[in-house]
């Protein structure tokens, strides 16, 4: 997409402004963006800065705000080091700081449960659980709507999908 101002260079800065409910979009090249009043004083930010800002929002409820400075037992990284870098030292850090991460993930992504693409090779169990959960929601709606034939069909479908899990000792 070409710059809306000079109409010569590729637009690399995309700005959306909403004023009194009216939305306007501008797509500018870097040079034209630097000349705009709207961009004066705005400095580029990193993903780490964005994540850190979410962490600061949750710090008032944090178990990490006191002087204990909880550390990962494997790599010895503490929460403050993570806040600075945005990177964990090892996979154990995810377990160690899970209580602190849950509210941050909810704010960033809306949920702490993965809802994106599922890997084809290893995702069959995840796909099955999602399918069963979706069918259970449909079943609940069918019962509320008193569509009992549809509810019976959904119930049978759920039971059929849950059979492999029962055989594996789960339930």
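What follows is calculated from the coordinates using simple rules that are stated; it is not laboratory data. Please read all numbers here as calculations on a predicted model, not as lab measurements. Backbone-built Cβ (ideal geometry, glycine too); neighbour counts: all protein chains shown.
Annotations for the structure displayed:
- Extended-chain gain in nm, criterion 0.36 nm per residue less alpha-carbon gap, residue 155 and residue 17: 44.8 nm
- Potential extension, residue 25-residue 90 segment - 0.36 nm per residue separation minus Cα distance: 19.3 nm
- Fewest-first sequence of 29, 93 by Cβ atoms within 10 Å of each Cβ: 29, 93
- Rounded, prolate or oblate (a/c below 1.5 giving rounded, otherwise prolate when a/b exceeds b/c) for the stretch 124-167 by Cα gyration tensor: oblate
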